[in-house]
Amino acid sequence: GGATMASEGDARGGDSPIRFEVLATDGRARATRLTFTRGERACLTPMFMPVGTQGSLKGLTSQQLCDLECQVVLGNTYHLANRPGTEVLRASGGLAQFMHYTRGGTLTDSGGFQIFSLGAPSAEDGAEMKSRRVSKHKDAKGLIERVTERGVTFKSYRDGRTMELTPESSVRAQKALGADIIVPLDELPPYAIDPFALKKSVFRSHRWEARSLREHLNDVRDQAMYAVIHGGVDDALRRLSAEYLGGLPFDGFAIGGSLGKDTKELTNMLANLVPLLPSDRPNHLLGIGDEPSVRASVKLGIDAFDSTFPTRSARHGALLTRTRGRVNVRNAKNKDLFEPPCFECGCPLCSRHTLAYLHHLDRAREPTAWTLATEHNLWYMGNLMRELREKILADEL
């Protein structure tokens, strides 16, 4: 445990788009510094990345994001390629420039998650597929037309026309978006899947990721590419995925696919998987942002997280607080509670306003309610990550 010598990790020799240093370890947990060499922007882990689907966090300006010291913001390639389109983003100078996000880095996903969650809903799907809804252009069969070795053909949710996403076209779209970290196209199988189908899916993801990496290495442009480790909750498949992808020159590793049905399944999977990942490169747990999972995963060596959970909760009137636990703003007892939501919080909401005021804004459907609640929950997540980081640096986790 304790502080270790900073170890420099470089996936591709001296020209890597990121520099990665392990500052301290405590058991399996680690505190690291991740530096984007383009512009020398440094991020400290463990860190949480909010999801700015359309190039914005709902209810916040980019300046508010910068003030919250969010170190990396995530954008969704699928939505941004649909609107405003890759050409607009390329011409603007890329996602960070377009939204004027100057504080840290940006990460884009491959677009695959949105497309696979457009498939036909099934009762067996885990939490990772819960967002499937019937839309104007989507019947009960979903928007996916077919998945082949080449890629996925699907109907646009905006105008119903047929579109195709391949490993190569996803990388090209992410080159136009210009994020600091990009992610290859993978197949997202549901939680309940028979072992043979899961194995086939993992191998297909590996082939797609290898094709994505080849496309990326043709024109790196200071972008880092993370592999996505698959295998569901099957330890043998996770090991196989870690060994295969760990041997390729990816800059870091995201853990994707189905992550289990609860924190216990997740932590069992991570306990076996994380030690198999190359320790000289960053890792990232995709789509997880609830506090019990975050705390448990940091102890097992996870560096970074992203999730819509804190921001979506805020818009539904749920505040994460240190002193009151989870607060439901809409509860009638808050109508005349003239106290800050959390006495220990320094966010704009807690330092200036009362629960009564936020309750009123929420009841009146004032957009300011979203802003104040979202800032608060992101402040909370930032604090949580800082607390975990400081504990690791002091060898007290």
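Out of every Cα-Cα pair in the stretch 27-89, what percent are more than 17 Å apart?
Of the Cα pairs, 54 percent sit more than 17 Å apart.
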Rounded to the nearest 0.05, what FRET efficiency is calculated for Ala356 and Asn383 with R0 set to 22 Å and r the Cβ-Cβ distance?
0.40
1.4 Å probe accessible area per residue over the stretch 310-397, in Å²
52 Å²
Could the peptides 377-383, 320-326 be put in order, highest first, of the mean number of other beta-carbon atoms found within 10 Å of their residues?
377-383, 320-326
Quick check: convex hull over the Cα atoms of the stretch 285-397, volume per residue in Å³, rounded to an integer?
94 Å³
So what's Rg/Rh here for the stretch 308-363, counting alpha carbon atoms and using the Kirkwood radius for Rh?
0.92
In Å and whole numbers, how far do the C-alpha atoms of the stretch 229-364 stretch along each principal axis, longest first?
58, 27, 23
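When ranked by the protection proxy of mean other Cβ atoms within 10 Å per residue, highest first, what sequence do the peptides 224-231, 389-396 form?
Values: 224-231: 28.0, 389-396: 16.1.
For the peptides 224-231, 389-396, the packing ranking is 224-231, 389-396.
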Result for the stretch 188-245: accessible area per residue, probe 1.4 angstrom, in square angstrom, of 44 Å²
Three-way shape label, the stretch 220-263, alpha-carbon gyration tensor, a/c 1.5
oblate
Peptides ranked, highest mean first, by Cβ atoms within 10 Å: ranges 344-356, 171-183, 43-55:
171-183, 43-55, 344-356
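For the chain, what does -39500 (n - 2.57) per DSSP helix run (n ≥ 4), summed and divided by total residues, give at 222 nm, in deg cm²/dmol to the nearest 500?
Calculated at 222 nm, the ellipticity per residue is -10500 deg cm²/dmol.
Stick to the Cα atoms of the chain, pair each with every other, and give me the Kirkwood hydrodynamic radius in Å at one decimal.
21.6 Å
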Express the Stokes-Einstein translational diffusion coefficient of the stretch 265-330 in µm² s⁻¹, to the nearest whole number, given a Kirkwood radius over alpha-carbon pairs, 25 °C and a viscosity of 0.890 mPa s.
184 µm²/s
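Report, to the nearest whole %, how much of the accessible area of the stretch 283-397 belongs to carbon and sulfur atoms, 1.4 Å probe, protein only.
Ligands and nucleic acids excluded, carbon and sulfur reach 50 percent.
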Quick one: grab Rg to one decimal and Dmax as a whole number for the stretch 152-276, Cα atoms only, in Å.
15.3, 45
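Expressed as a whole percentage, what fraction of the accessible surface of the stretch 18-89 belongs to carbon and sulfur atoms when a 1.4 Å probe is rolled over the protein heavy atoms?
Exposed carbon and sulfur together represent 50 percent of the surface.
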In whole angstrom, largest first, the equivalent ellipsoid semi-axes that the Cα gyration tensor gives for the stretch 188-249 are 25, 11, 9
Can you give the extra length, in nm with one decimal, that the chain gains between Lys335 and Asp219 once fully stretched, where that is 0.36 nm per residue apart less the Cα-Cα distance?
36.1 nm
For the stretch 159-279, what % of the accessible area comes from carbon and sulfur atoms, probe 1.4 Å?
53 percent
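The values are calculated or read from the model by the stated rules, or taken from the named source; none is laboratory data. Everything quoted here is computed from the prediction, not taken from an experiment. Quick reminder, even Gly has a Cβ in these numbers, built from the backbone with ideal geometry, and neighbours come from all protein chains shown. Areas reflect the complete protein model, heavy atoms only, side chains present, ligands, DNA and RNA absent. Shrake-Rupley method; radii C 1.70, N 1.55, O 1.52, S 1.80 Å.
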